[in-house]
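The values are calculated or read from the model by the stated rules, or taken from the named source; none is laboratory data. Source: prediction; values computed, not measured. Heads up, the Cβs are rebuilt from the backbone with ideal geometry, glycines too, and the neighbour counts pull from every protein chain shown. When the accessible area is computed, the model is the full protein with side chains, heavy atoms only, and any ligands, DNA or RNA have been set aside. Shrake-Rupley method; radii C 1.70, N 1.55, O 1.52, S 1.80 Å.
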Amino acid sequence: MTKQFDVAVVGAGAAGLMCAAATGRQGRKVVLIDHSTKLAEKIRISGGGRCNFTNINAGPQHYLSRNPHFCKSALSRYTPQDFLSLVRRYRIAYHEKHKGQLFCDNSAEDIIAMLKAECDLAGVQLRMGCGVQGVGKEGELFRLDCEGGPITAANLVMATGGLSIPKIGATDFAYRVARQFDLKLVETRPGLVPLTFDSAAWQTLVELAGIALEVEVETGLKKERGHFLEDLLFTHRGLSGPAILQISSFWQPGTPLTINLLPEIDVAAHLIEGKSTLKKNLGNLLAQWMPARLADGWLLANGFDHGARIADMPDKLLRKLGETLNKWQVLPSGSEGYRKAEVTMGGVDTRELSQQNMMVNKVPGLYFIGEAVDVTGWLGGYNFQWAWASGMAAGLSFQAPAPG
């Protein structure tokens with residue numbers, strides 16, 4: 001027997017849960033469907049299990065898209081403060097960790113429980129462990145062929161995310177449905193992903209593994225340029241840390257990263273100007289600016305004498321040292337791919353959607369929200385804020401049915 005609903009939301013992650021709850025509050029009959037038996041696995045594992053649920057600084061400038069203006073409407077109508085009000089209402093303890101990033105004090109489970117409670121209060125029917133084999137349109141209704149039997153709905157919201165972290169159930173289902181309705185897709189690729197480095201080329205820096213420091217990292221040109229001030233971690237296999245994850249969303253294969261290991265110091269200028277007054281040797285001076293192990297390893301790897309007196313070094317050599325520290329160029333060999341990527345870049349082309357409510361312009365009643373859409377945030381809670389905002393934009397668009 002076919003079950004009929006006003007709205008079917010496919011994907012019980014961050015965007016889907018938010019959308020379903022908002023839709024139910026409009027008085028609509030809503031079903032939330034997911035092939036997993038667990039709610040919101042991506043929320044559960046995020047932020048080391050504490051969920052970086054938003055960033056208080058979130059704005060359009062923190063998102064990548066073919067159309068950078070698309071996200072403005074949803075983000076302005078549901079802000080980090082709006083989500084924070086919900087978190088406070090449920091008395092979830094949280095803290096600001098770094099650059100506006102907000103985390104749960106206890107567990108990501110607090111956020112999942114909050115969203116589940118919101119859905120329950122709104123009368124949302126949950127169908128977990130319910131795979132959707134196919135989607136079709138029959139007249140004014142969408143038909144979903146589900147494992148538990150067919151479902152029809154006047155409106156269909158696709159909130160199944162992207163390709164990132166397949167081990168927790170990521171699939172290309174949203175893209176398949178988009179193609180079925182002849183929607184344009186922006187080519188997908190892993191975002192916020194660890195980059196890989198040639199092991200042979202890295203041998204001279206292996207001894208620096210474990211060292212962390214704040215750096216400037218950039219890549220790309222003009223509108224494609226990414227630039228961040230973030231923490232960098234040296235590992236046995238290359239570079240890691242927030243700096244690498246952030247810049248990975250801007251990195252293109254075959255292009256180098258430029259890293260400034262001492263962003264607050266013009267090394268060459270400082271050394272040359274201080275030749276007559278600086279009495280220390282090279283290694284001891286660098287150790288004042290960076291971890292001593294990094295100073296020693298860096299000089300060795302770049303062919304400089306740790307014990308050389310700065311006063312005795314030619315300007316040309318000091319400029320060369322400054323260049324290695326302030327404009328270090330390193331070429332990644334690739335990335336860890338969707339297996340380790342936190343997000344999927346690209347997706348449903350925003351030109352196919354209404355920025356007001358996320359509905360497909362040429363298919364009334366069909367919506368795409370969250371990570372399935374070509375809107376990708378920076379590292380630091382921005383992608384969850386897009387999930388909340390886009391889910392709310394779709395959910396609030398469903399007006400309550402007329403009485404009687």
query: Extent of the chain along each principal axis, from alpha carbon coordinates, in Å, largest to smallest?
result: 91, 43, 33
field: Spatially proximal lysines relative to residue 72 (Cα-Cα < 22 Å; intrachain offsets below 8 disregarded)
entry: 99, 184, 222, 223, 362
query: In nm, what is the difference between 0.36 nm times the number of residues separating residue 223 and residue 331 and their Cα-Cα distance?
result: 36.8 nm
Spin-label model distance (nm) - residue 323 vs residue 340, 7 Å beyond Cα toward Cβ: 3.1
message: Taking 0.36 nm per residue of sequence separation and subtracting the Cα-Cα distance, how much length would be gained by fully extending the chain between residue 284 and residue 77, in nm to one decimal?
response: 69.1 nm
query: At a probe radius of 1.4 Å, what is the per-residue accessible area of residue 130, in Å² to the nearest 10?
result: 10
Diffusion coefficient, µm² s⁻¹, Stokes-Einstein with Kirkwood Rh over alpha-carbon pairs of the stretch 132-194 at 10 °C and 1.306 mPa s: 119
statement: For the stretch 266-360, the Cα gyration tensor yields equivalent-ellipsoid semi-axes (√(5λ), largest first, whole Å) of 47, 16, 12
- line: Mean projected area (nm²) from the convex hull of Cα positions in the stretch 15-130 is 8.0
- request: Enter the mean projected area of the convex hull around the alpha-carbon atoms of the stretch 63-162, in nm², rounded to one decimal.
  value: 9.5
- line: Among trypsin sites (Lys or Arg not before Pro) in the stretch 15-115, those in a DSSP loop whose Cβ has at most 10 other Cβ atoms within 10 Å are 91
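Using helices alone, what [θ] at 222 nm do you get for the chain, with -39,500 (n - 2.57) per DSSP H run of 4 or more residues, divided over all residues and rounded to the nearest 500?
Result for the chain: -8000 deg cm²/dmol, rounded to the nearest 500.
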Alpha carbon centroid spacing (whole Å) that separates the stretch 138-186 from the stretch 256-292: 55
field: DSSP beta bridge pairing in the chain, given as percent antiparallel to the nearest 5
entry: 70
task: For the stretch 161-206, just list the percent of Cα-Cα distances falling in each 5 Å bin from zero outward, please.
output: 5, 16, 17, 16, 13, 10, 8, 7, 5, 3, 1
